[in-house]
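Here is the structure we will look at.
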Amino acid sequence: MNVHERAPNCEPAAELTLERKLSRMPVRSGTLGPEVIEVGKLYRDTGCFTYDPGFTSTANCTSRITYIDGDEGVLLYRGYPIDQLAERSTFLEVCYLLLNGELPTTGQLDEFRGTINRHNMLHEQVTRFFTGFRRDAHPMAVMVGTVGALSAFYHDSTDINDPAQRAMASNRMIAKMPTIAAMAYKYSIGHPFIYPRNDLDFAANFMQMCFAIPCEPYKIDPILTRALDRIFILHADHEQNASTSTVRLAGSSGANPFACIASGIACLWGPAHGGANEAALNMLMEIGSVDRIPEYIKKAKDKSSGFRLMGFGHRVYKNYDPRAKVMQKTCHEVLNALGIKHDPVLEVAMELERIALQDEYFIDKKLYPNIDFYSGITLRALGFPMSMFTVLFAIARTVGWVAQWNEMIEDPEQRIGRPRQLYLGPAERNFVPMDQRS
Ligand code: ACO
């Protein structure tokens, strides 16, 4: 295949010749990142599809929301570096930014906060919906079911062609997700549900819905709620990851927004995606003490063991995950605030990171700690059980999902997502009657 340089007055293009059939494919540039070759006419020109399991070289859409440079360890939301946002903004400010493209003024943020507060309660009948679940149901199962069911409660925000209804559905989901998540937790431990409080910020309100009980006042610790707010910022969007692509694919058929976000939650649940922080914490606890680290490093390097260092490596980041740096700092802040001087799990994590980053295997394969390496330790210290870790991820990622879903609906190039395949099954054959089958 040839890629032609841009000639004056001429768009750059790649040319592919296959058995004398030529396809001329435009090359498009973005603001940042690699150019893309538009292969949409390849089948028409050559009769061939492209094959790219896992979409390692395939861009599925244009987007103006989030940019990642995996080689340099860069993550930008609407152009702003993640570390600056984590340090200097709040989760609701980041939500506004992701949804609208610009940081809010004070007035815009106040109005947005008011809107989110107005929508954080659930239709009272949803409360009864909860009692249909078993007490030991995984909270992610409850999230998938309840968020999917919201389309049965909020009929006035399911018309995807009406921008006002789309905005209403987006705000409803951002606002109600913490309420649903806290209810899932309270239900699992047999506690009464705690209603949202509009005098608290987003993260503090979520913590009180999870940890307050009706018989005594709940004390807010601003260091801990700020840490949770920062964790939400770090997880708010991550361009076309598996769950976001799932939301876009579901949405491409015109499905209602609540159903689309439920599909994103289902995808996030997998251990290779949102479930990895739980796996990383489990691994650190299993290692238990620094003297056992060499044994685990050896196991991770041995392909036949089937063991991987959880919280290490990333499909896109081939450098330090910029979110992991902020997460590590947040982890220390939380443990200090709680007066935890020696956390054996944190000690194992830090030593494991130190050893792995000096090891040829990890250096050669560009395996660095990802966000999940320190998030499990932090969330556990904040008081959340492991089963809630992925749920917290879902609360934060909801804004990314709805921002990407809205962008897709407004994109004139958007079509129903319909991948093709390389068929390897039997060629056409005639039906065999039962008495002739062997
Ligand atoms: N420990 C040991 N070896 C590893 C690890 C690891 N954590 N991750 C990758 N490798 C090795 C692979 O064995 C492979 O070796 P090879 O080239 O000799 O065959 C090489 O590094 C490349 O690995 P791939 O699996 O091809 O990389 P891919 O990009 O497909 O996978 C993934 C990325 C799934 C994240 C992987 O690194 C992994 O399994 N990590 C552990 C799970 C984890 O932490 N997931 C969280 C991701 S972040 C998130 O979802 C928020």
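The values are calculated or read from the model by the stated rules, or taken from the named source; none is laboratory data. These numbers come from a predicted model, not from an experiment. Heads up, the Cβs are rebuilt from the backbone with ideal geometry, glycines too, and the neighbour counts pull from every protein chain shown. What goes into the accessible areas is simple: the full protein's heavy atoms, side chains included, and nothing from ligands, DNA or RNA. Shrake-Rupley method; radii C 1.70, N 1.55, O 1.52, S 1.80 Å.
With a 1.4 Å probe and every protein chain kept in, tell me what percent of the accessible surface of the chain is carbon plus sulfur. Intermediate values should be presented prior to the final figure.
On the way: 11990 of 22810 Å².
Heavy-atom surface of the chain belonging to carbon and sulfur, 1.4 Å probe: 53 percent.
Given the convex hull of the Cα atoms of region 128-225, what is a quarter of its surface area in nm²? List each step's numbers first, then the result.
On the way: hull surface 29.4 nm².
Averaged projected area of region 128-225's Cα convex hull equals 7.4 nm².
Accessible area per residue of region 31-128 at 1.4 Å probe, in Å²?
Values: 6070 Å² over 98 residues.
About 62 Å² of surface per residue is accessible.
Suppose we flag GluC sites (Glu not before Pro) only when DSSP calls them loop and at most 16 other Cβ atoms lie within 10 Å. Which is the longest uninterrupted stretch of the chain? Mind dumping the intermediate values first?
Values: sites that count: GLU5, GLU19, GLU35, GLU38, GLU72, GLU102, GLU413, GLU428.
The longest such stretch corresponds to 103-412.
Net charge around GLU407, counting only other residues with Cβ within less than 14 Å of its Cβ (Lys, Arg = +1; Asp, Glu = -1)?
In short, -1.
Report the longest stretch of the chain that contains none of the trypsin sites (Lys or Arg not before Pro) sitting in a DSSP loop with at most 10 other Cβ atoms within 10 Å.
Details: sites that count: ARG20, ARG134, ARG135, LYS219, LYS341, ARG415, ARG420, ARG429, ARG437.
Between the exposed loop sites, the longest stretch runs 220-340.
Please work out how much length the chain gains when fully extended from ALA164 to THR131, using 0.36 nm per residue of separation minus the C-alpha to C-alpha distance, in nm with one decimal.
On the way: separation 33, 0.36 × 33 = 11.88 nm, distance 3.26 nm.
Full extension from ALA164 to THR131 adds 8.6 nm.
What is the calculated FRET efficiency for ARG437 to ARG315, with r their C-beta to C-beta distance and R₀ = 25 Å, to the nearest 0.05? If you can, show how the numbers build up before the last one.
Numbers: r = 44 Å, r/R0 = 1.77.
Computed FRET efficiency for ARG437 and ARG315 comes out at 0.05.
At 1.4 Å probe radius, can you tell me the per residue accessible area of region 347-386 in Å²?
Heavy-atom SASA per residue in region 347-386 reads 40 Å².
Counting other Cβ atoms within 10 Å of each Cβ, which chymotrypsin sites (Phe, Trp or Tyr not before Pro) in region 329-438 have at most 14 and sit in a DSSP loop?
Values: sites: TYR361, PHE362, PHE373, TYR374, PHE389, PHE393, TRP401, TRP405, TYR423, PHE431; in loops: TYR423, PHE431.
Counting only loop positions with at most 14 other Cβ atoms within 10 Å, the chymotrypsin sites (Phe, Trp or Tyr not before Pro) in region 329-438 are TYR423, PHE431.
Can you give me the Rg/Rh ratio for region 208-338, using Cα atoms for both radii and the Kirkwood formula for Rh? Walk me through the intermediate numbers first.
Working: Rg = 18.6 Å, Rh = 18.0 Å.
A ratio of 1.04.
Return a whole-number percent for the relative contact order of the chain, with Cα pairs under 8 Å and 6 or more residues apart as the contact set.
On the way: 595 pairs, mean separation 80.9, N = 438.
Once divided by the residue count of the chain, the mean separation gives 18 percent.
Output wanted: per-residue J couplings in Hz (rounded whole) for region 394-406, from phi through Karplus 6.51 cos²θ - 1.76 cosθ + 1.60, θ = phi - 60°, x for Gly and Pro.
5, 4, 5, 6, 3, 5, x, 4, 6, 4, 5, 5, 4
In cubic angstrom, how much convex hull volume per residue do the alpha carbon atoms of region 1-103 span? Present the calculation step by step, with values, prior to reporting the outcome.
Numbers: hull volume 15.8 nm³, N = 103.
Roughly 154 Å³ of hull volume per residue.
What value does region 123-168 have for Rg/Rh, both radii from Cα atoms and Rh as Kirkwood defines it?
Working: Rg = 13.0 Å, Rh = 12.0 Å.
Rounded to two decimals, Rg over Rh is 1.09.
Take the Cα atoms of the chain, find their three principal axes, and give me the spread along each one in whole Å, biggest first.
Principal-axis extents of the Cα atoms in the chain, largest first: 78, 71, 58 Å.
Can you work out the FRET efficiency for the pair GLU19 and LEU424, with r the C-beta to C-beta distance and R0 = 22 Å, to the nearest 0.05? Write down the numbers at each step before the final one.
Numbers: r = 22 Å, r/R0 = 0.99.
Calculated transfer efficiency: 0.50.
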